[in-house]
Amino acid sequence: MSRLLVALALLAAGSVPMAHAQQTRLTPAEIEALPKAGAGPGTSGLAGIRTTVLAGDPTKEGSYTIELRVPAHTSIQAHTHRDARTAIVVSGTWYFGYGTKADPVLVKRLPPGSFYSEPAADPHFALTRDEPAVVYITGWGPTDTEYVAKP
């Protein structure tokens, strides 16, 4: 599935009104050429995670889509976001769970093509195991990240 189709699926999933989305067409090569940052707004803040803004601005009001590239053997502790978000796993295997404590027993294995939601203010956590993962997340900014307990 192309990354553009994934981003459009996120927008169409209902978390973001399409009327506010701007026309965007990005090939995988164009996405790779976009500016990369560490863990940016609405992400875990962990070193090693690379964030690319695909559409919008997660620090401002309006729709946004970000790409997260998460290295293998990364654990993201329980946290919340002020905005409701939806996500699609693009590559790798993402292990995602809901709750106030990052408990590996509570995660669900999400292979490429999987969809999940991050309801506003609902604690959740994630991890990777032996392979990295790429996840596209769409929400309505501004977004933030508040840890349940400091990592």
| request: Give a residue-ordered list of calculated ³J(HN,Hα) values for segment 52-69 (Karplus: 6.51 cos²θ - 1.76 cosθ + 1.60, θ = phi - 60°; whole Hz; x for Gly, Pro). | output: 10, 7, 8, 7, x, 9, x, 8, 10, 5, x, 6, 8, 9, 10, 9, 10, 10
| request: With r as the distance between the Cβ atoms of S91 and F115 and R0 = 22 Å, compute the FRET efficiency 1/(1 + (r/R0)^6) and round to 0.05. | output: 0.95
| Distances over 18 Å make up what percent of all Cα-Cα pairs in segment 3-147? | 52
| task | Quickly work out the L106-to-D122 label distance, labels modelled 7 Å from Cα along the C-beta direction, and quote it in nm with one decimal. | result | 1.3
| Neighbour-count order for R85, R109, R129, fewest beta carbons within 10 angstrom listed first | R109, R129, R85
| query | Near the amide H of A120, under 5 Å away, which other amide H atoms are found, from residues 5 or more places off or on another chain, if H is placed in the peptide plane? | reply | A84, R85
| query | Rounded to the nearest 20 Debye, what is the dipole magnitude of segment 3-147 about its Cα centre when Lys and Arg each give +1 and Asp and Glu each give -1 at the C-beta? | reply | 200
| task | Would you mind ranking D144, D130 so that the residue whose beta carbon has the fewest other beta carbons within 10 Å leads the list? | result | D130, D144
| query | For segment 89-151, what is the convex hull volume of the alpha-carbon atoms per residue, in Å³? | reply | 96
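Computed from the coordinates by the stated procedures, all read-outs in this text should not be read as laboratory data. All values derive from a computational prediction rather than experimental measurement. FYI the Cβ positions are ideal-geometry reconstructions off the backbone, even for glycines, and counts take in every protein chain you see.
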